[in-house]
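**Q** Quick one: structure below, then a few questions.
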C-alpha cells in the first residue's frame, strides 16, 4: 500500500458528489478507479468509509490509500491467447487455468492483462485503471473458460451495465466431491466475507446469490454438473457447493476435507479446482446483436472425468 494522501476540505460543496470531486482533484485516477477505491474502503471521510454520494463539507478530513496494483501500469507481454471472438469493441477468449487475470500483489507480470496489452496494442478501455485495462469481469486463477474484455470505454460501460442488470448468461461445468442424489437444483443463499478469514467468502448475512445446476454424470465418488450463475458474487460456485456439502473437486480453499476423502477413495490427483466457464452470452454493446461464446473443456478437466468415470 502506498502512503495515504490526506487533505482537508476547504469549503462545503453541497451540490457536488464526493466521487465527482475526487475525479477533478485526481485527474490521473479514472472514474472506475475512484469508485473501486470507495467500494473497497480505501477512501475515508473523518476516518470512516465514504460513500460516492457524500457531499464534501468544510473541515472534513479525506484520506485516500491507493494500493500498489493501481499505480503500477501493466506492461505488454507476448503470450498465446485462445481468442473465441474479436471485433473493434470487445474480444472473448478461453482463459487457461493458472493464469491470473490482472496484476496484483505477488503477480506483477505474466497476467492476462499483460497479454492483452500486447495483443490489442493498447486498444483497451481505461475504466479499470492502469492495472486492469479492459477487464469487465474476472475468473479465479485456477478457473478456466470464457471471459470477455472491453476494447474501449463505451463497450466497457455497456458490458458492465449488462453484468449489473444480470443480462449476461453464464454457464459453467464443474466436478464436485460426492455423488449428488438429485438431477438438479437451486442454491439460493447470500454470500459475504468470512467473519475471520477476509480472503474467503461464506454463506451468511450478505448479498443475494443464486446458483442453479444440473447433474450431467455420476462419477466415482464425484459428480459432473453444469451450473448457471444468476448472480456474480466472489467465489460463488465454490462457496455454494461447499455449503451444499459437495465442494468443487481440487479446491484448495473450500472443502479440503471432502477433497482429501475423494483423493483417498480414488487415488486421483486433481491438478486444480475443476471449474470451467463453458458458455457466455451477452448483447453486443454497439450493434445490439446477441453473442454466444463457448469454450471446450480443457484437457486436464477431461482427464479427471476419465479418471473418475464409472
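What follows is calculated from the coordinates using simple rules that are stated; it is not laboratory data. Worth saying up front: this structure is predicted, and the values here are computed from it rather than measured. Note that each Cβ is placed from the backbone with ideal geometry, even for glycine, and that neighbours are counted across all protein chains shown.
**Q** Cut-off 11 Å, label point 7 angstrom out along Cα-to-Cβ of residue 217: give me the residues of the range 282-307 whose amide nitrogen falls inside.
**A** In the range 282-307, the label zone of residue 217 (backbone N under 11 Å from the point 7 Å along Cα→Cβ) covers 302-307.
**Q** Among 143, 212, which comes first, second and so on when ranked by fewest other beta-carbon atoms within 10 Å?
**A** 212, 143
**Q** A further question on this structure: Please compute, for the alpha-carbon atoms of the chain, the extent along each of the three principal axes and give them in descending order in Å.
**A** 71, 43, 35
**Q** Based only on Cα atoms, what Rg/Rh ratio does the range 124-224 have, Rh being taken as Kirkwood's radius?
**A** Answer for the range 124-224: 1.04.
**Q** Over the Cα atoms of the range 220-264, each weighted equally, I'd like the Debye log10 I(q)/I(0) at q = 0.27 Å⁻¹, rounded to two decimals.
**A** Here log10 of I(q) over I(0) equals -1.04.
**Q** What angle, in degrees between 0 and 90 and rounded to the nearest 10, separates the Cα long axis of helix 153-164 from the longest principal axis of the Cα atoms of the chain?
**A** Its long axis makes an angle of about 60 degrees.
**Q** Note the per residue figure in Å³ for the convex hull of the C-alpha positions in the range 5-66.
**A** About 71 Å³ per residue, rounded to a whole number.
**Q** At what distance in nm do the modelled label points of residue 287 and residue 17 sit from each other, each positioned 7 Å from its Cα along Cα→Cβ?
**A** About 3.3 nm separates the two model spin labels.
**Q** While we're here: So if I restrict to the alpha-carbon atoms in the range 189-310, what is the Rg, and what is Dmax, the biggest pairwise distance, in Å?
**A** Over the range 189-310's Cα set, Rg and Dmax evaluate to 16.1, 52 Å.
**Q** If packing is taken as the mean number of other Cβ atoms within 10 Å per residue, what is the order of 198-204, 295-301, highest first?
**A** Order by mean packing, descending: 295-301, 198-204.
**Q** Counting other C-beta atoms within 10 Å, which of 144, 65 has the fewest, and how do the rest follow?
**A** Least crowded to most crowded, the residues run 65, 144.
**Q** Please report, to one decimal in angstroms, the Kirkwood hydrodynamic radius of the range 264-310 built from all distinct Cα-Cα pairs.
**A** 13.2
**Q** Based on the Kirkwood radius over alpha-carbon pairs, what value in µm²/s does the Stokes-Einstein equation return for the translational diffusion coefficient of the range 83-165 at 25 °C and 0.890 mPa s?
**A** 194
**Q** Please order 85, 172 by the number of other Cβ within 10 Å, starting at the fewest.
**A** 85, 172
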